[in-house]
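The values are calculated or read from the model by the stated rules, or taken from the named source; none is laboratory data. Values in this document were obtained by computation on a predicted structure and should not be read as measured data. Cβ placement follows ideal geometry from the backbone for every residue including glycine, while neighbour counts extend to all protein chains displayed. Areas reflect the complete protein model, heavy atoms only, side chains present, ligands, DNA and RNA absent. Shrake-Rupley method; radii C 1.70, N 1.55, O 1.52, S 1.80 Å.
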Amino acid sequence: MYSAILFRTIFGKTMRKDPQARILHKQNWGDYFILALESPRITSEAHPGQFLMVRVGETSFPLLRRPFSIHAVQDNALEIFFQTTGLGTRQLSLKQEGDRLDILGPLGRGFNLDIEGSTPKAALVGGGRGIAPLYFLSESLRLQGVSATIYYGGRTVEDLPLRKKFLAAGYPLHCSTEDGSYGFKGLITDHLIQDLKQNPADRIYACGPDGMLKRLAEISQEYSIPAELSLEAIMGCGFGACWGCVHRLKKDQEIGWQKICEDGPVFPAEMIIWEKE
Amino acid sequence: MTHSDLSIDLGFCRLKNPVIAASGTFGYGTEFSRFFDLNRLGGFVVKGLYSTPRPGNPPPRLVETASGLINAIGLQGIGVKRFCQEILPQLQDLDTAVIINVCGSHEEEYAAVAEHLDGFEGIAAYELNVSCPNVSTGGSCPALDPEATHRIVSLVKKSCRRPLITKLSPNTGKIIEVAKSAEEAGSDAISLVNTFLAMAIDAKTRRPKLANVLGGLSGPAIKPIALRMVYQVAQEIRIPVIGMGGITTSEDVLEYMIAGASAVEVGTANFVDPEAIPLIIDELDVYCQTHNIERLASLTGTLAPL
Ligand SMILES: Cc1cc2nc3c(=O)[nH]c(=O)nc-3n(C[C@H](O)[C@H](O)[C@H](O)COP(=O)(O)OP(=O)(O)OC[C@H]3O[C@@H](n4cnc5c(N)ncnc54)[C@H](O)[C@@H]3O)c2cc1C
Ligand SMILES: Cc1cc2nc3c(=O)[nH]c(=O)nc-3n(C[C@H](O)[C@H](O)[C@H](O)COP(=O)(O)O)c2cc1C
Ligand code: FES
């Protein structure tokens, strides 16, 4: 089933609505949750870095769907990993096994898995809930023969609930916390720079807060390592109709506001224009 | 199963059913053909077009509020020329009413956009967006003023060959006067409402939630006010009224029709469910059958006394 994913064109435009995706299981650590959703067709078409738009309730409040990265795929199901930050994610966290969710997906354009080299190495950098898409990515890279090292940063140890999952799957894992409660004390980007010296990478993949991504874009330049970064924006629709989800991007030599739900959310670092703070 | 007659005659154009996708919420149409056959629609209005491409506003452009959405997209778009070259050919073979939302930053621009579109086939009508609150500061726009609306409608009417739907803004105390002046100036129909000027603030940071500070509110939150406006306007004019604001179900459509709308537009609901309109149309069909309504159009303006 994985090979089917890998041999599909990366930027396939298939997407569908599954109004009845059943929650197969649920996991929880503090503010963080995993829901596994049974949805055979969306699962079989998913590519790492793509996302779902999830309806969190049946009424008009909250109104819009919420975007979540595809965290993992297994057999007929895909997982989302999320942090409760507001009303929508809180409502979602109350769902139970057996409940059904209305989802749209797979949406957007994911990570490009083609890496040059005979034994390619990738550095996967996740900040907080930005770790979500990197598990699916690491599993797909492994099937391509790419060795992935995970860099996982958070404010405190509570923000690193997936560390055991990555270790159990056998990936080299480097953690950092800003308060020093676990792993390297400081920012994950500083940890990465330190580690790149002994453990060079041919590609950086990342998802997380803007500050982290911006720093990674600089690191990508300084160390001449191509980087693919997954951006976030408030999304009205997730499929190109509202023009709400824009970021400054350079496309065909032109700089402008581009929709990240269609052309992204993953972009090569050099395409992304960072606004002044 | 027999189907009821859902068709609507607007005079200048016949629709298969009363449900039209609203401008700015349906992209250029093609975004939705992945979800359903566009020919099922009564029609759709494409995103607003100016004579030249527009960059739009910086993000954040959207903020969700209680049962509503405030947007400040800033009418980003590819401009009418690229639209006619790249998008329109994909829409021309459709068997549904393709309506173009015509924008302008001044009167002549509206006319120029319509004239350019006149050179192409496959368009049912123009919807004049005299009401976009996003563009000019403070939300001022021609639709706030009966005279300004009259000038634009008569200018465009004179210079183009297609039927005109004038789309009104709710951000005025003179909506009836504006509607009447659009009718007088030769508009073939009125659509209302566009979004309500609105804002949202983050109390923790004291910052506005939209980069543009102000935006336009849409969605279920606006429905009762929009419905009232459709009701008031429909009583005062003779040309068809196309009602909108917060429609998400067939029941909402029926309310607008009873209030006086000949047809409706559905906006924000398309974001929540890309298949919202086909579902609403199916529900309307079921409604007509279970209530023995032969022609859905007969419901327009049938508010019963209490
Ligand atoms: C492509 C993409 C993938 C994402 N993947 C994940 C993921 O895997 N796990 C995860 O925990 N979070 C993810 N997010 C962020 C997640 O969508 C938001 O945290 C969530 O929408 C917040 O909803 P809320 O109702 O709890 O918060 P509220 O603040 O109440 O939401 C209000 C509105 O703002 C939007 N919004 C608020 N914060 C964000 C944000 N950071 N990004 C986008 N929209 C936001 C909401 O969707 C909603 O429309 C992703 C965002 C994007 C754009
Ligand atoms: C994101 C967004 C973009 C819009 N863009 C346009 C536009 O380009 N032209 C226009 O006339 N109306 C535009 N509108 C207004 C809608 O067409 C409609 O009048 C309004 O949203 C009310 O209907 P609703 O509550 O069903 O969304 C826009 C609305 C939204 C939410
Ligand atoms: S979220 Fe609507 S266009 Fe991207």
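Structure values in brief
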{"quantity": "Square roots of 5 times each gyration tensor eigenvalue, C-alpha, the stretch A:5-107, largest first, Å", "calculated": "22, 14, 12"}
{"quantity": "Amide H within-cut-off set for A:Leu37, under 5 Å, with H built and near neighbours excluded", "calculated": "A:Leu24, A:Leu78, A:Glu79, A:Ile80"}
{"quantity": "Inter-part distance where the stretch B:1-77 and the stretch A:159-213 are each reduced to a Cα centre, Å", "calculated": "44"}
{"quantity": "Inverse mean reciprocal Cα-Cα distance (Kirkwood Rh) of chain B, Å", "calculated": "19.2"}
{"quantity": "J(HN,Hα) series, the stretch B:289-295, from Karplus relation 6.51 cos²θ - 1.76 cosθ + 1.60, nearest Hz, glycine and proline x", "calculated": "5, 5, 9, 6, 9, 6, 10"}
{"quantity": "Karplus-derived HN-Hα couplings along the stretch B:178-193 (A = 6.51, B = -1.76, C = 1.60, θ = phi - 60°), whole Hz, x at Gly and Pro", "calculated": "5, 4, 5, 5, 5, 4, 4, 6, x, 4, 8, 7, 10, 10, 7, 10"}
{"quantity": "C-alpha long axis of helix A:132-143 to longest principal axis of chain A, angle in °", "calculated": "70"}
{"quantity": "Peptide A:58-67 - average C-beta neighbours from other chains (10 Å radius)", "calculated": "5"}
{"quantity": "Calculated P(r) tail over 29 Å for chain A, as whole % of Cα pairs", "calculated": "28"}
{"quantity": "Dipole magnitude of the protein assembly as shown, debye to nearest 20 (Cβ charges: Lys/Arg +1, Asp/Glu -1, about Cα centre)", "calculated": "900"}
{"quantity": "Amide hydrogen neighbours beyond the local backbone of B:Val130, cut-off 5 Å, H modeled", "calculated": "B:Lys167"}
{"quantity": "Solvent exposure ordering (accessible area, 1.4 Å, most first) of B:Arg228, B:Arg238", "calculated": "B:Arg238, B:Arg228"}
{"quantity": "Trypsin sites (Lys or Arg not before Pro) restricted to the stretch B:141-205 and DSSP loop, no more than 16 other C-beta within 10 Å", "calculated": "B:Arg161, B:Lys174, B:Lys204"}
{"quantity": "Per-residue ³J(HN,Hα) for the stretch B:90-105, Karplus 6.51 cos²θ - 1.76 cosθ + 1.60, θ = phi - 60°, Hz, x for Gly and Pro", "calculated": "6, 9, 5, 8, 6, 9, 8, 6, 8, 10, 9, 7, 9, 10, x, 8"}
{"quantity": "Cα principal axis extents for the stretch A:121-271, largest first, Å", "calculated": "41, 31, 31"}
{"quantity": "Relative contact order (%) - the stretch A:163-277, alpha-carbon pairs under 8 angstrom, separation at least six", "calculated": "17"}
{"quantity": "Antiparallel bridges, percent of DSSP beta bridges restricted to the protein assembly as shown (to nearest 5)", "calculated": "50"}
{"quantity": "Long-range amide H partners of A:Leu101 with built H, under 5 Å", "calculated": "A:Ala21, A:Arg22, A:Ile23"}
{"quantity": "Cβ-defined net charge surrounding A:Gly256, 15 Å radius [Lys, Arg +1; Asp, Glu -1]", "calculated": "+2"}
{"quantity": "Normalised convex hull volume, the protein assembly as shown, alpha-carbon set, Å³ per residue", "calculated": "163"}
